[in-house]
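Colleague: Quick one: the structure is below, and I'll ask about it shortly.
The values are calculated or read from the model by the stated rules, or taken from the named source; none is laboratory data. Treat the numbers as computed from the prediction; the structure is a model and nothing was measured. Positions of Cβ are backbone-derived with ideal geometry, glycine not excepted, and every protein chain shown enters the neighbour counts. Ligands, DNA and RNA are stripped out before the accessible areas are found, and what is left, the full protein with its side chains, is counted by its heavy atoms. Shrake-Rupley method; radii C 1.70, N 1.55, O 1.52, S 1.80 Å.
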Amino acid sequence: MTETGNVENILKQGNVLILKTATATAKISVYHAAIIKVNITRNPDKADTSFAVIQNAETDIEYTETANDITIDTGALKLIVGKAPLRFNFYTTDGKVLSEDDSRFGVNWQGERVVNYRKLYADEKFIGLGEKTGGLNRRGTHYVNWNTDASRHTIETDPLYKTFPFFIGLHDGLTYGLFFDNTHKSYFDFGATTDDEMSWFGADGGDMNYYFFGAQTVAGIIKDYTWLTGRMDMPPLWSLGYQQCRYSYMSAEELLDVAANFRKRKIPADVIYCDIDYMDNYKIFTWNKEAFPDPKGMIDQLKAINFKVVSIVDPGIKVEEGYKQYDEGVAKDYFATYSNGDKYIASVWPGRCYFPDFFNDEVKEWWGASFTALTEPGIEGFWNDMNEPAAWGQNIPLNVKFGDKYIGEVRNVYGMEMTKATYNGTRKILGNKRPFVLTRAAYCGTQRYSAVWTGDNTATDEHMLYGQRLINSLGLVGMSFAGVDIGGYTGNPTPELMLRWNSLGVYIPMFRNHAEIGTAMREPWHWGDINEKVIKKDIEQRYKLLPYIYSGFYHSAQTGLPLSRTLAIHHTNDENVFNLKYQNQFMFGDALLVAPVESTKLLADVYLPEGNWYRLTTGEQYEGAQAVVVPAPLTDLPVFVKGGSIIPMQSVIQSTSEKGDGILELNIWNGNDATEYVYYEDDGDTYNHQNGTYYKRTISFDPQAKTITLSEVEGSFISRFDKIKLVLHGFDKGLKALTVNEKAVKLNSLLANDSNEVTIAY
Ligand code: GLC
């Protein structure tokens, strides 16, 4: 065991404060007032690089020193470093304890393994780590980060596909965040095995390298974390529509038939997928000439009925002479090797494969440029799978390396680097068009390139509920654009589960139905006429909500705040939020509270946090800060609207390529306090929004003054809507007039004849 020992030397170098002990060097830097980085290393000369972080420490570091400690007070966060022994303790600027090292152990090494032991507070809760099973509150549990092809996982399996070593601690009404930026296999113990004495985290190698966040709200911490690691850009609008997938549609004919069926039945949809069978023997960037003889012809036909195609790519390149990617990769030495330089071979779908070294920029370029095989026929969506990386048998030997990086150090970030290559490559090829990129494996920062889905789940109620926790937890680590396989990948859902899960999918950022080979067909028309109508109605609801959802993504792109938010984000100090009964509930944007419920239950236990609430479908009113039992028929998932909310909606369209009736429906739900809502629109397809071609308006609602104010339009985009229909909810019948932009709108006839709608010019 190597302890960090006592501080012997203090030195300021640029913006970095350097403390030296006999065994270690600690480098402290301030990223901004609420973010302090601590890097404790035994290799101070080794460059400290990051895959995740895109900011630099530009703030000067000021400190004061006494005989026992060094204090850094940024004005938003205070770090007191104990000198003997070296300890790191964080406080609010007024001295409240946020998080302290366990005074006995602090940071130490056992061989290469580095661990930080921290104090555990009596009421401390932990949220975060992204895609992890278990409860919302991770107290009392232990996790490992080691990206894994977790097929057939249960609701307890750990690790899964992704690594996000970032958590938020909550205690004594205080909040803090900690991002352990270390890509080696890592461990987090939130008091699982320590008799409630301490928590600890560490990794098999690398430095004790972390960022400490001191913002005093969960939303503030997420904002700071996504400032540090980046935020998503606006996704293509079409990717927010309904997506239909299957492993696999086996031929162009089948694919076209499925797409045509959506149109024939008037079930809205935007996306259809090509899973691995579109390829020739699963060779990436090829087409199966028999089953898909004319990819361009097929995609043109799909385009003509407003469908986009997303196709899968896996990293494994089939070992086969004469196959372009194989020949080029071998000639240029682009593949992973063993320590002695022999190429590493493992089996995946295509049989024996080599694995591109995505840590090499030249390989990234080469990979990115290969997408012309898919973009030329017209594909704009790219699904990155098997990139943990997966190999049959799982455990890639630890002497496999990519360039000079051994897999133990970079396995957790391989998928992200593949996704980065895919995103950058397809962006380049598609010019000004937005590619849609989806990935299974990820590390912190992946939100800059891609959406994620949670891999191979199972068709059961418990998977549906825990899947929602995964989505909500991914939202805490910057991954707003996330989805699950709706219906469950493995196994066959009952019709009830299919209906329920589909209705929940309306409120999942990525709404994709997907199923494994060999399972019963899953498309909406396989469930009988009555159920088809229910599924269709729910998908229509998704399309009606798209103006709200798109504005929600704008919010994610601006602030990092996710679309699907655990209630712990805004109601952090409300204990009920963590109750196992209510822990799956989430806000979908600012306005909607969704309560997932099993398909076998027709009554739901719901907790409504403080405020006033309405049931979305019936308008029934509820006071907040109470638990309620509400009807939950399969035709009506419990969804509630927060009083004071403004929800923009549109008419039903069959795909996002349709314009609709040109009316933007502004639903105003009466409340007590004044509220504001930012409405955002752009062309949904290009990067022109980055040059000011967008349409943005702040809509304010003051329930006391009975005024609605639409701000001046910002940006140069012409809205797709030319009229606004105000739809009022929860206003009393005696209401005579409402002032919209300082003009009185008469409501007497309107509310008298029981209508609650009024149309105004835009
Ligand atoms: C993996 C993916 C799954 C996909 C299958 C075939 O299991 O997780 O979504 O359908 O591979 O490509």
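Colleague: Pick from the stretch 255-278 the residues that are out of contact with any Pro (no Cβ under 8 Å at 6 or more places or on another chain) and assigned to a loop (DSSP other than H, G, I, E, B): which of them is most open to solvent (accessible area, probe 1.4 Å)?
Modeller: Going through the qualifying residues, I end up with Lys266.
Colleague: State which residue is nearest to Gly487 (Cα to Cα) when the search covers only the stretch 238-254 and only residues that are open to solvent by less than 20 Å² (accessible area, probe 1.4 Å) and more than 16 Å from the ligand (Cβ to nearest atom).
Modeller: Checked the stretch 238-254; the qualifying residue nearest to Gly487 (Cα to Cα) is Tyr242.
Colleague: If you don't mind, there's one more thing I want to ask. Consider Pro377 carefully, then state whether it is more than 16 Å from the ligand (Cβ to nearest atom), over 22 Å from Gly329 (Cβ atoms) and open to solvent by 10 Å² or more (accessible area, probe 1.4 Å).
Modeller: So Pro377 fits the description; yes.
Conditions tested, residue by residue: (1) crowded, with 19+ Cβ neighbours inside 10 Å; (2) touching a residue at least 60 places away in the same chain (Cβ under 8 Å); (3) touching an Asp or Glu at 6+ places or on another chain (Cβ under 9 Å).
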site: Asn306; (1), (2), (3): yes, yes, yes
site: Val309; (1), (2), (3): yes, yes, yes
site: Lys318; (1), (2), (3): yes, no, no
site: Glu328; (1), (2), (3): no, no, no
site: Ala331; (1), (2), (3): no, no, no
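Colleague: Can you name every residue in the stretch 123-153 that is within 16 Å of the ligand (Cβ to nearest atom), under 20 Å from Glu462 (Cβ atoms) and not aliphatic (A, V, I, L, M)?
Modeller: Correct list: Glu131, Ser151, Arg152, His153.
Colleague: Looking at this structure, is Gly487 assigned by TED's automatic domain parsing to the domain that holds Tyr242, within 16 Å of the ligand (Cβ to nearest atom) and farther than 23 Å from Ala441 by Cβ?
Modeller: Answer is no for this residue.
Colleague: How about the stretch 554-581: which of its residues are open to solvent by 20 Å² or more (accessible area, probe 1.4 Å), outside any helix (DSSP H, G or I) and closer than 13 Å to Val606 by Cα?
Modeller: Result: Asn579, Leu580, Lys581.
Colleague: What strands (runs of 3 or more DSSP E), lying completely within the stretch 98-215, carry at least 3 residues that are within 30 Å of His571 (Cβ to Cβ), open to solvent by less than 20 Å² (accessible area, probe 1.4 Å) and touching a residue at least 24 places away in the same chain (Cβ under 8 Å)?
Modeller: Correct list: 125-128, 166-171, 174-180, 186-189, 208-213.
Colleague: Ok, one more. Looking only at the stretch 79-94, how many residues end up being surrounded by 18 or more Cβ atoms within 10 Å (Cβ to Cβ), in contact (Cβ under 8 Å) with a residue 24 or more places away in the chain and more than 16 Å from Lys20 (Cα to Cα)?
Modeller: Qualifying residue count for the region: 2.
Colleague: Against the conditions (1) away from the ligand (no atom under 16 Å from the Cβ); (2) within 30 Å of Gln244 (Cβ to Cβ); (3) outside any loop (DSSP other than H, G, I, E, B), where does Tyr326 fall short? Just the number, please.
Modeller: (2)
Colleague: Only residues that are in contact (Cβ under 8 Å) with a residue 24 or more places away in the chain and surrounded by 15 or more Cβ atoms within 10 Å (Cβ to Cβ): list them for the stretch 64-74, please.
Modeller: Ile70, Ile72, Thr74
Colleague: I've got another one for you. Can you find a residue that is touching a helix residue (DSSP H, G or I) at 6+ places or on another chain (Cβ under 9 Å), open to solvent by less than 20 Å² (accessible area, probe 1.4 Å) and of a type in the set (S, T, N, Q) anywhere in the stretch 460-474?
Modeller: Checked the stretch 460-474: at least one residue is touching a helix residue (DSSP H, G or I) at 6+ places or on another chain (Cβ under 9 Å), open to solvent by less than 20 Å² (accessible area, probe 1.4 Å) and of a type in the set (S, T, N, Q).
Colleague: Related question: Check off (1) at negative phi; (2) not in a strand (DSSP E or B) for Arg512 and give me the number that stays unchecked.
Modeller: Tallying (1) at negative phi; (2) not in a strand (DSSP E or B), Arg512 fails exactly one: (2).
Colleague: Taking strands (runs of 3 or more DSSP E) that do not extend beyond the stretch 668-740, which have at least 3 residues that are surrounded by 18 or more Cβ atoms within 10 Å (Cβ to Cβ)?
Modeller: It comes to 675-681, 695-702, 723-729.
Colleague: Another question, then. Out of all the residues in the stretch 225-237, which are surrounded by fewer than 23 Cβ atoms within 10 Å (Cβ to Cβ) and not in a loop (DSSP other than H, G, I, E, B)?
Modeller: Trp227, Leu237 - these are the residues of the stretch 225-237 that are surrounded by fewer than 23 Cβ atoms within 10 Å (Cβ to Cβ) and not in a loop (DSSP other than H, G, I, E, B).
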